[in-house]
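To keep things clear, I will list the structure first and then write my remarks on it.
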Amino acid sequence: MPSLYQHNHSEHLLHVLFEEQQKSLHISETAISSIANSLNLPRSQVESVVEFYSFFHRQPRGRFDILFSNCTCCGDLSLMKRLCDRLNVEADKTRADGLVSIGQTSCIGMCDHDASMLINGVTITSLSTKIIDRMAELIESETSLSLWPGSWFQVGNNIRKEGLLLSEFFEPGSALKAMAERSHDDIIEEITASGLKGRGGAGFATGMKWRFCRDAAADTRYVICNADEGEPGTFKDRILLNSHADTLFEGMTICARSIGATRGYLYLRGEYRYMLENLESTLQQRRESGLLGNNILDQGFDFDIAIVVGAGAYICGEESALIESIEEKAGIPRIRPPFPVTQGLWGQPTVVNNVETLVAAAGIVLHGHHWFETAGTWQSKGSKLISVSGDCGRPGIYEYVFGITVQEILDDAGAENVQAVQIGGPAGRLIAADHFSHRIAFEDLATGGSFMIFDESRDLLEIIHNFSSFFAHESCGFCTPCRVGTTLLKNGMDKVCSGHATAHDLDELSRTAALVSRRSHCGLGMTAPNAIRDGLKYFPDCFEKRLLHKEMEPEFNLDASLEEARQLTRRDDAEAHL
Ligand code: SF4
């Protein structure tokens, strides 16, 4: 059956640039002009996209281009240094012979697999010194990636606990058949009655979102699945995309029928590109089975899905930035209102839902709202997938009904001597032991799914420092409070961690954090200071024990300035120092 989807997505700007980056190892001025011409886009638009996304480069990268995750859970920069040493290459530079380049990237969603990296866009997990040394040999001998050990590229699911969603494997088409007997109003009512709220973190009522979109006056509407889970410590969508793709596509199709859409997009984070082939193949099978495309299940309903792969921009997880990205632009969040449900993709009403939300929606339509609504708490219905990582014996995916306590999760994960837990990633909450009786629920501890455990051996200050660097790097730069503020916060944390801060600097950190939270344009800036604020509130000792002086820091270090004089006079006894 021919697909109704006429837009050829190998021609999407992000895909064309990815191919060019792979082929030429950079995006040259000439390539920008030629791509702009061939896609009939303004040159300035192509240029701004190349500048915006971190997986595109203006200067040539190596034939082996390696990015180590610098996440607190799936990163280990000592391994990066080891590989740099073995290959005699400086970090963030390309070796003179063009063979290799090595750098860092933000969390790649492999926090249940220890240290991980991307090589030419492909994921390698569970790195060790032994693997790094062998890798150096393979690179020096210019061995093709296809001849590297296959086990290095395997990404397991690590499902530790199944619930409503993960134990569900129904026959493709089952939920669509259940849907076919009902009107679009009935379906939206079913979703509303289930109490399903968005699983990306914001928790907006899904049925209400679909209703708003359905009621917006327009001829064309869109469904978008947000599979850009970039929050460090989150990897639950990876498992759903890997093992429940059919259910996800069923959820998208149900949403489309309910709101009156004929087209949908799955926006896949660039770090998950390795799943693209399987996802495309599942889509194709669904087309061939009459579950996607024209006249689905002979019900006179048309709908198809295209996949757009991101290129290393955390901000594209924000729904309006994601829409900009699908529209082949830099992922800068829009001013809202209007909201996507009335003016989204190409200005048309659009539902943007997270992967987990759409998988849940398919289950609700198949089993009815009671299946979902009877689990959880009064404000948080159903189950939640939690990505557990960090210092514990059993990292992986746990599915719980809402209302589980933090301590119960720690016990299941085999965590001991826990100092702190980061709930919801760096944008979420950093909590101490006296909060471990709190519950995972929208009315208590809301989370998109990240659960990072830090035991007593960790230096929390370094963790918070890492998070502040992450936000300074990922700020899109559109608004001043976030662009400047996240850098000020990072610089402040640099100073504290290097032992040069004073109590005054901590006050400045607090003031800046409050300002960035209050004045930023989108959720990234509003939540970027959370870890610093929680750190100062719940773990003040971590900061204070690093202070150089409690009261003041001299602007000028006289003793250090006399070093040259001491060397000239060859005096370095105690009396030559202040
Ligand atoms: Fe961009 Fe940050 Fe402003 Fe959001 S808050 S628009 S990420 S600069």
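For the range 313-440, the relative contact order comes to 12 percent (Cα pairs under 8 Å, sequence separation of at least 6). When you filter the GluC sites (Glu not before Pro) in the range 431-475 for DSSP loop state and at most 12 other Cβ atoms inside 10 Å of their Cβ, you are left with Glu456. Each semi-axis of the equivalent ellipsoid for the range 191-298 is √(5λ) with λ an eigenvalue of the Cα gyration tensor; in descending order they amount to 23, 20, 12 Å. Taking Lys and Arg as +1 and Asp and Glu as -1, the other residues whose beta-carbon sits under 14 Å from that of Glu564 total 0.
Across all directions, the average projected area of the convex hull around the alpha carbons of the range 159-373 is 10.9 nm². What Kirkwood Rh does the range 1-155 have if only Cα atoms enter the pairwise 1/r average? Answer in Å. Computed over the range 1-155, the radius equals 16.9 Å.
Note on the range 384-456: Kirkwood radius taken over Cα pairs, Stokes-Einstein applied at 4 °C and 1.567 mPa s, translational D equal to 111 µm² s⁻¹. The loop-placed chymotrypsin sites (Phe, Trp or Tyr not before Pro) in the range 345-445, going by DSSP, that have at most 12 neighbouring Cβ atoms within 10 Å of their Cβ come out as Trp378.
Note on the range 86-107 and the range 315-387: Cα centroid distance 38 Å, given to the nearest whole angstrom. Accessible area per residue for the range 461-544, computed on protein heavy atoms with a 1.4 Å probe, is 42 Å². Among the GluC sites (Glu not before Pro) within the range 331-420, those in coil by DSSP and having at most 13 neighbouring Cβ atoms inside 10 Å are Glu416.
What does the charge add up to near Asn294, with Lys and Arg as +1, Asp and Glu as -1, over the other residues with Cβ less than 11 Å from its Cβ? So the environment of Asn294 carries a net charge of -2. Considering Cα pairs under 8 angstrom that are at least six residues apart, work out the relative contact order of the chain and quote it in whole percent. Relative contact order comes out at 14 percent. DSSP finds beta bridges in the chain, and of those with both partners inside it, around 45 percent are antiparallel.
Per q in 0.15, 0.16, 0.22 Å⁻¹, report the Debye log10 I(q)/I(0) for the range 461-544, using one uniform scatterer on each alpha carbon and no solvent. Debye curve over Cα of the range 461-544, log10 I(q)/I(0) at q = 0.15, 0.16, 0.22 Å⁻¹: -0.44, -0.50, -0.94.
Seen from Phe339, the other residues with C-beta closer than 12 Å to its C-beta sum to a net charge of +2, counting Lys and Arg as +1 and Asp and Glu as -1. Its Cα gyration tensor gives the chain an equivalent ellipsoid. The semi-axes, each the square root of 5 times an eigenvalue, are 42, 29, 23 Å from largest down. Taken about its Cα centre, the range 1-155 carries a charge dipole of about 80 debye when Lys and Arg each add +1 at the Cβ and Asp and Glu each add -1 at the Cβ. Taken over the range 373-416, the alpha-carbon convex hull comes to 61 cubic angstrom per residue. Over the range 1-155, accessible surface divided per residue gives 45 Å², non-protein components excluded, 1.4 Å probe.
Solvent exposure of Arg199, expressed as accessible area, is near 10 Å², computed with a probe of 1.4 Å over the protein chains only. Across the accessible surface of the chain, with the other protein chains kept in place and a 1.4 Å probe, carbon and sulfur atoms take up 49 percent.
The values are calculated or read from the model by the stated rules, or taken from the named source; none is laboratory data. Since this is a predicted model, take the numbers as computed values, not measurements. FYI the Cβ positions are ideal-geometry reconstructions off the backbone, even for glycines, and counts take in every protein chain you see. For the accessible areas, the whole protein counts, side chains as well, though only heavy atoms, and no ligand, DNA or RNA atoms are used. Shrake-Rupley method; radii C 1.70, N 1.55, O 1.52, S 1.80 Å.
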